[in-house]
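Peer 1: Sending over a structure as C-alpha cells; questions will come in a sec.
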Amino acid sequence: MAHDIAFLHTSPVHVPTFSQLMQELAPALRVAHSVREDLLADAQQEGVDSPGLIGRVHAALAEVAATGAALVVCTCSTLGGIAESSDGDTPYRVTRIDRAMADLAARSGPHVLLVATVHSTLAPTAALLQSSARRLGVSLDIQSLVVADAWAHFQAGDHARYIDTVVAAVTKAAPTGIVVLAQASLAPAAERLIARGISALTSPRLGTEHAVALHQQINKV
C-alpha cells in the first residue's frame, strides 16, 4: 500500500505519538513509520558531520520514502539537519519535525533557553533556531541547558521520571524567555512548564501541522 507521509524516528516511543497526531489532524492520509535507533547512537559516537552517518541517514530516508510517500518527516532533532539537507535532491520532500517550532521560537524571542537531554541535540537545534532567526530577520540570545541525568531514565523506559527530571531542572533554571524543548520526547514537559508560568515550545504538534500543510502544497504542484 502506498503512503502519503512517512516518519523516520530514532525511538519506538514516537510511533504512537505521531500516529495519534496524524489521526487527529489528517485522518485521510496514509502514514508509514520507520524506527532507526542505531542512527542516533551513531550520531552520539561519530558526530553529525560524519560522512558515513550522513549517508546512512539519507539512505534511511530513501528507504522509508520507498513506500510511496511524497513527504518524509524526520522526528529526531539530532538528525534533523542531515535529513533536511537532502530536501530538493530527491523525488520526495523531506522536512524536520522541529522546523515549525524553531520558527515560532524565533518570533517569540529574543531570549531562548534551549533544553535537551543529550549533548548531540544542542548544536543541530541551535543552528536551526539561528537559521529561522536569520530568515525572519530577528536576533536570538540562546542559552543551553542539558539535563544529562534524565537520559538514563528515558533509555530505561521510565518516561515519567524522565519528564519529572527535566521539569525540575528547567524550573530551577528560572528562564525569563521562551523555553525550547529540543527533543520530541520532551513534549509532555511543555504542559507542566506552562502550568508553572514558564513559556515552553515543543515540536510534535507544530511539526505535524506543518507536515500536513506541506503535503497539501505538494499535491497542488
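The values are calculated or read from the model by the stated rules, or taken from the named source; none is laboratory data. None of these values were measured; they are calculated from a predicted model. Quick reminder, even Gly has a Cβ in these numbers, built from the backbone with ideal geometry, and neighbours come from all protein chains shown. SASA here: full protein model, heavy atoms, side chains in, ligands and nucleic acids out. Shrake-Rupley method; radii C 1.70, N 1.55, O 1.52, S 1.80 Å.
Peer 1: Just the number: Rg to Rh for region 139-189, Cα atoms, Kirkwood Rh, two decimals.
Peer 2: For region 139-189, the value is 0.98.
Peer 1: In a solvent-free Debye calculation with one equal scatterer on each Cα, what is log10 I(q)/I(0) for region 151-221 at q = 0.17, 0.20, 0.22, 0.25 Å⁻¹, listed in the order of the q values?
Peer 2: -0.67, -0.82, -0.92, -1.08
Peer 1: Would you calculate the convex hull of the Cα atoms in region 1-159 and tell me its volume per residue in Å³?
Peer 2: Hull volume over Cα atoms, normalised by residue count, gives 124 Å³.
Peer 1: Let me ask something else about it. Over all pairs of distinct alpha carbons, what does the Kirkwood formula give as the hydrodynamic radius of region 34-98, in Å?
Peer 2: Answer for region 34-98: a Kirkwood hydrodynamic radius of 11.7 Å.
Peer 1: I've got another one for you. Select from T202, A41, H14 the residue farthest towards the positive end of the dipole of the chain; place +1 on Cβ of Lys and Arg, -1 on Cβ of Asp and Glu, and compute about the Cα centre.
Peer 2: The listed residue farthest towards the positive side: T202.
Peer 1: For the chain, take the longest principal axis of its alpha carbons; what is the angle in degrees between that and the long axis of helix 99-108, to the nearest 10 within 0 to 90?
Peer 2: In the chain, helix 99-108 runs at an angle near 40 degrees to the longest axis.
Peer 1: Could you sort the peptides 122-130, 140-148, 72-80 by per-residue average Cβ neighbour count (10 Å cutoff), highest mean leading?
Peer 2: Most protected by this proxy first, the peptides run 72-80, 122-130, 140-148.
Peer 1: Here is a follow-up. A28 to D49: extension gain in nm, 0.36 nm per residue of separation minus the Cα-Cα distance?
Peer 2: Extra length available between A28 and D49 comes to 3.8 nm.
Peer 1: Under 9 Å from the Cβ of L128, count the other residues' Cβ atoms, weight Lys and Arg +1, Asp and Glu -1, and hand me the total.
Peer 2: 0
Peer 1: Continuing with the same structure: With every protein chain left in place, what is the accessible area per residue of the chain in square angstrom, probe 1.4 Å?
Peer 2: 45 Å²
Peer 1: Distance between Cα centroids, region 27-69 to region 84-141: provide it in whole Å.
Peer 2: Between the Cα centre of region 27-69 and that of region 84-141, the gap is 18 Å.
Peer 1: Calculate, for V138 and S199, the FRET efficiency according to 1/(1 + (r/R0)^6) with r their C-beta to C-beta distance and R0 25 Å; round to the nearest 0.05.
Peer 2: About 0.90, to the nearest 0.05.
Peer 1: For T171 and S85, what is the calculated FRET efficiency with R₀ set at 45 Å and r taken between the beta-carbons, to the nearest 0.05?
Peer 2: 0.80
Peer 1: Another question about this same structure. Report in % the part of the accessible area of region 60-198 that belongs to carbon and sulfur, leaving out ligands and nucleic acids; probe 1.4 Å.
Peer 2: Whole-percent figure for carbon plus sulfur exposure: 53.
Peer 1: For labels at A123 and E37 in the simple 7 Å Cα→Cβ model, what's the distance in nm?
Peer 2: Between A123 and E37, the label points sit 2.5 nm apart.
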